[in-house]
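Accompanying notes for the structure given below.
Just so it is clear, none of the values below were taken in a lab; they were calculated from the coordinates. Treat the numbers as computed from the prediction; the structure is a model and nothing was measured. Because the Cβ atoms are built from the backbone with ideal geometry, glycine has one as well, and the counts that use them run over all protein chains shown.
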Amino acid sequence: MERVPQIPAPQSWQSQGKKLAKRLLLPLTLILRRRVIARYLALESQPKLHVGCGRHLLEGWLNTDLSSLNRRKIVYLDARQKLPFRDNQFHFIFNEHFISTVTLEEAARFVAECYRVLKPGGVLRTATAGLPFLLELLESRDPRCRDYVRWAADEFLGVPDYSPCLVINNLFYGFGCKFIYDPETLTSMLYRARFSRVVPAKVGESSHPELRGLEGHGKCIPSEFNELETFILEASKE
């Protein structure tokens, strides 16, 4: 019998152990976090917040992630909660393939919090996998989409079945996605959070020099596939 792909993949005992250790160390983590944030804000003339950084660290940014315990220049941050910053503190906020991993309600709170902690004139840049891309995969009319399905099946599923359905389900559940956006839905959410201007951008490109070349997802997957699956919006605060 051929192997059935595991979607999502089962958690290892090491992963479960890390989650337990994080919970036990959380009080100390929050104390240390206050010191790290205060030091960053005191030294940085143009504060920039990177949410959900993973291993992709940006020079000159406050790199934050849920899985970190303030190690390797990463500050622990649960972006589903109220952000631990005062109003009007950051010039720029960047998140990449993060907003799809939280619920729609959590995402709405997150973008509202981003608006609060951005300075007037500040910009939120959000990069995420898009629903239109998934619909294109299902149609498989574009040769690039067929190439993507073959690559994703080989890379993540390990089965000789180049099925768009399997690949789409793996993107949803294998990577913990809870809501997949199209540009219209995310734009509407940003305007409801009181952002005054929302514009699309391409991977690595921006009218703001500080927001160019930030994406790191193209280092984890082939860059041509990153550009295929990702759309980006930049939202400005008056």
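Candidates L30, L137, S188 compared by Cα position along the dipole of the chain: farthest toward the positive end lies L30, with charges placed on Cβ.
Note on the chain: dipole from Cβ charges, positive end direction compared against L171, G60, N226; the farthest Cα belongs to G60.
I need the calculated FRET efficiency for the pair L135 and A42, taking r as the beta carbon distance and R₀ as 35 Å, to the nearest 0.05. So, using R0 = 35 Å, E works out to roughly 0.15.
Packing-based ranking of 109-117, 74-82 yields 109-117, 74-82, ordered from highest to lowest mean Cβ neighbour count within 10 Å.
When both bridge partners sit in the chain, DSSP labels roughly 45% of those beta bridges antiparallel.
Each Cα pair of the chain feeds into the Kirkwood radius, which the Stokes-Einstein equation turns, at 4 °C and 1.567 mPa s, into a diffusion coefficient of 68 µm²/s.
The ellipsoid equivalent to the alpha-carbon distribution of the range 131-180 has semi-axes of 16, 15, 7 angstrom, derived from the gyration tensor eigenvalues as √(5λ) and listed largest first. In terms of its C-alpha gyration tensor, the range 163-235 has an oblate overall shape, because the principal axis ratio a/c (a ≥ b ≥ c, square roots of the eigenvalues) is not below 1.5 and a/b does not outweigh b/c.
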